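Q: Could you have a look at this structure, given as C-alpha cells, before my questions?
The values are calculated or read from the model by the stated rules, or taken from the named source; none is laboratory data. As the structure is a prediction and not an experimental result, all values here were calculated from the model. Cβ placement follows ideal geometry from the backbone for every residue including glycine, while neighbour counts extend to all protein chains displayed.
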Amino acid sequence: MGKNLLDMLTSAVQDEQALRRIASALEKMAGTKNDGRDNMRQLAARLNSSNIHDWRRGLEELQHQQALITTEAEIASELAAVREGFKLLRLETLDGREYQPAQVNPIVSTPNKIKQYLDTIVVGQETATMSFAVGLTDISCRLSPDNFVKIEPNNYLVFGPSGVGKTYLAFTATKLIGLPCVKVSATALGQIGSGGVDFRDILREFCIVEVYGNRKGQEQRRLKLRNGATHGCLFIDEIDKLRDRQNLQHDLLPILDRGTYQLGEGLSFDTSNLWVIVSGKFEGLDKIISDRLEDNKQSDENTLKRATERDFVEFGFISELARRFQAYVPFQPLSETALYSILVDTPQSLLKQYQSRFRIHGYNFQIDEDALKAIVRWSMDNSEGANGLKVAMYKVTEGILFAPGKYGTDGVITLTQDMVRGILQ
C-alpha cells in the first residue's frame with residue numbers, strides 16, 4: 001500500500017464517517033476480487049471497530065497485499081470525497097455525456113477459430129487475420145484469472161495499401177471482447193508542450209470525469225481512469241506521415257515502452273496493458289525491401305511479408321521507434337476475387353446494404369452476375385481497395401434510388417451489365 005494512503009488514513013482516524021466509507025469500499029471490492037478477499041474483509045472489520053490499534057494493525061498486515069494495492073486509488077478517492085464533504089453524483093465522459101461502464105470479456109477460443117471468423121469480415125488478408133487472432137488470444141490470456149505472471153502485450157505495426165481493411169480489422173477485433181479503443185490520426189498530432197493535440201490528450205480519452213456535489217449544491221470534477229481502460233487499444237492511423245517528424249516519434253516511445261504518462265490534474269496513465277496498433281500505407285516500402293534483398297523481380301504479395309526493422313528505418317522511422325514493434329502485419333492489395341467477395345458475400349456486403357435500402361422503399365433489387373463483375377473491374381481500374389466499390393455502387397444506384405419507379409417492374413429492379421457500363425463509362 002502506498003505511503004500517501006497510509007498517511008491519509010492516519011489523519012482521518014478521528015473521522016468515523018471516513019472510516020465507514022473506506023470500510024464500505026473494501027467490502028465492495030472484496031466481493032469482486034479473488035486475491036486478498038479475506039484480508040480485505042478483515043481490514044473492513046477492523047476499520048468498522050473504530051479502534052485505532054485494530055485498523056493500524058490491519059494496514060500493517062496488508063502492506064504487501066498486491067490485491068489491495070490495486071484498490072488504493074479508489075479508497076483514496078472515497079476518503080478525499082468524505083473529508084471534503086462531497087458525495088459522488090455521477091460519472092461523465094470528457095465531452096459531458098453520461099458514462100456507461102463497459103466490461104472487457106476475454107474470448108474462450110483458439111486463435112484458429114477466431115481467425116475463421118475474422119476471415120468472414122475482412123477478405124483476402126489471411127496473414128493479418130492470423131496476427132490479430134493471436135493478439136486477441138494474448139489479451140484474453142492477460143485477463144484470465146488463471147494467469148499468474150505479467151504477460152506484456154505486443155505492439156503492432158500494420159501496413160499496406162489504402163482501403164484493404166486495416167482499420168476495419170482492428171476495430172472488429174477489439175469489439176469482439178469489448179476492448180475500449182481510441183483512434184487518432186498521426187497527422188493531427190503535435191509535439192508535447194506545443195499547445196496542440198498530443199499523446200497526453202489522446203490518453204485522456206481513456207478517462208472519465210467524477211462529478212461530486214456537497215450539501216450546498218456545489219460541484220467538483222476530477223479525472224479518473226474509466227473501467228477497463230488499462231486494458232484498452234490505442235490505434236494510430238497514418239503513422240507513416242511521421243517519417244519526417246522525429247520529435248513526435250520520440251513522444252510515442254514511452255507509450256510503446258509501457259511507461260507512465262502524466263495527464264495533468266494529478267492523473268497518470270500506465271500503458272503496460274495497452275494494445276498499441278499503428279497503421280499506415282508506407283508507400284515505397286516494397287521497393288526498399290526489394291533493394292535490400294537485391295531482388296529485381298516486381299514486388300508481389302510476399303515482398304511486404306519480409307519487412308524488417310531495418311526497412312522501416314530506411315523509410316524514415318528513427319531506429320528507437322522501429323525496434324519497439326514486435327508484430328509487423330502486412331496487408332495485401334485486394335484481388336478481383338476478394339473485391340467480388342466484399343461486394344457480394346460478406347455479412348455486411350455492399351450488395352446486401354443496397355438491397356436493404358431498396359427493400360425499405362418496397363422494391364426487390366437485384367444485380368446480375370455480369371453486372372457485378374463489371375462493377376468490380378471498374379473499381380480495380382479507377383480506385384484503390386474497397387473504396388472503389390463504394391464509389392461504383394453509389395454512381396450506379398443514385399439515379400435509381402431517386403426514381404425507382406422508372407426502373408422497376410412489379411416491384412423488381414434488376415441491373416444488367418449494359419446498364420452498369422452505361423452509367424460508369
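Q: State which residue is farthest from residue 311 (Cα to Cα) when the search covers only the range 135-161 and only residues that are among the hydrophobic types (A, V, I, L, M, F, W, C) and free of Cβ contacts under 8 Å to residues at least 40 places away in the same chain.
A: Result: 148.
Q: Identify all residues within the range 186-202 that are of a type outside the set (Asp, Glu), touching a helix residue (DSSP H, G or I) at 6+ places or on another chain (Cβ under 8 Å) and at pLDDT 80 or above; write none if there are none.
A: Passing the criteria: 186, 187, 189, 199.
Q: Considering only the range 363-381, I want to know if a residue exists there that is under 30 Å from residue 128 (Cα atoms), under 36 Å from the mean Cα position of the chain (by Cα) and hydroxyl-bearing (Ser, Thr, Tyr).
A: Within the range 363-381, one or more residues are under 30 Å from residue 128 (Cα atoms), under 36 Å from the mean Cα position of the chain (by Cα) and hydroxyl-bearing (Ser, Thr, Tyr).
Q: I'm trying to understand the selection: among the residues of the range 228-245, which are at pLDDT below 90, in a helix (DSSP H, G or I) and surrounded by fewer than 19 Cβ atoms within 10 Å (Cβ to Cβ)?
A: Across the range 228-245, the qualifying residue is only 230.
Q: If you scan the range 272-295, which residues turn out to be among the basic types (Lys, Arg) and either buried (at least 22 other Cβ atoms within 10 Å of the Cβ) or out of contact with any helix residue (DSSP H, G or I) (no Cβ under 7 Å at 6 or more places or on another chain) (or both)?
A: 287, the sole residue that qualifies.
Q: I'm trying to understand the selection: among the residues of the range 162-180, which are more than 22 Å from residue 242 (Cα to Cα), surrounded by 16 or more Cβ atoms within 10 Å (Cβ to Cβ) and among the small types (Gly, Ala, Ser)?
A: 173
Q: Here's a follow-up. Under 9 Å by Cβ, and 6 or more places apart or on different chains, what pairs join a residue from the range 333-356 that is not assigned by TED's automatic domain parsing to the domain that holds residue 164 and among the acidic types (Asp, Glu) with one that is surrounded by 16 or more Cβ atoms within 10 Å (Cβ to Cβ) and assigned to a loop (DSSP other than H, G, I, E, B)?
A: Taking only residues 6 or more apart or on different chains, the pairs are 345/123.
Q: Just to be sure I understand, how many residues within the range 250-265 are without any contact (Cβ under 8 Å) to a residue 24 or more places away in the chain and in a loop (DSSP other than H, G, I, E, B)?
A: Counting residues in the range 250-265 that are without any contact (Cβ under 8 Å) to a residue 24 or more places away in the chain and in a loop (DSSP other than H, G, I, E, B) gives 1.
Q: Suppose we filter 345, 240, 311 for residues that are charged (D, E, K, R) and touching a Phe, Trp or Tyr at 6+ places or on another chain (Cβ under 8 Å); which single one remains?
A: 240
Q: Could you list all residues from the range 356-415 that are among the hydroxyl-bearing types (Ser, Thr, Tyr) and surrounded by 13 or more Cβ atoms within 10 Å (Cβ to Cβ)?
A: 363, 379, 383, 397, 407, 414
Q: Here is a further query. Tell me which of these residue 159 doesn't satisfy, since it passes every other one: (1) surrounded by fewer than 20 Cβ atoms within 10 Å (Cβ to Cβ); (2) at pLDDT 85 or above.
A: So the condition that residue 159 fails would be (1).
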